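The values are calculated or read from the model by the stated rules, or taken from the named source; none is laboratory data. It should be emphasised that the depicted structure is a prediction, and the values quoted were computed from it without experimental measurement. SASA here: full protein model, heavy atoms, side chains in, ligands and nucleic acids out. Shrake-Rupley method; radii C 1.70, N 1.55, O 1.52, S 1.80 Å.
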Amino acid sequence: QSDAFIAVRMIGAVLVVPAMEELFWRDFLWRQILAPNDFKLAAVGEWSLGAFLIVAGAFATVHGNWWPTAIVWALLIGALLVYTKSLGACIIAHSVTNLLLAIYVLVYHDWSFW
């Protein structure tokens, strides 16, 4: 793989994707489930079993064949959100996870993850 490809993939995986996905899944969608008429009325990290399970399930569906891993990861990150009430903590956790996965891909040349 070219250096440019790897650089773009790393930037996307570690900086862009975590921020965008966490803003959608655990900020917007989670709170939209809690307060369907105005998501801003629900607090970040406000507990809801429905939001916890629906967001994890929806997150898993967009991760293709990796859905079993994605659902476990989404449940863990959902628990982090409820525990910390911090989207920043979720973005950092997502970034670190993607960084570790990228390192694995580059070390073992297992491009199936990318």
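Numbers at a glance
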quantity: Solvent-accessible area, 1.4 Å probe, carbon plus sulfur percent, for the chain; calculated: 72 percent
quantity: DSSP H segments from the chain that extend 15 Å or more along their own axis, Cα-based, with Kyte-Doolittle mean of 0.0 or above; calculated: 49-61, 67-84, 87-108
quantity: Directionally averaged shadow of the chain, computed from the convex hull of its alpha-carbon atoms, nm²; calculated: 7.1 nm²
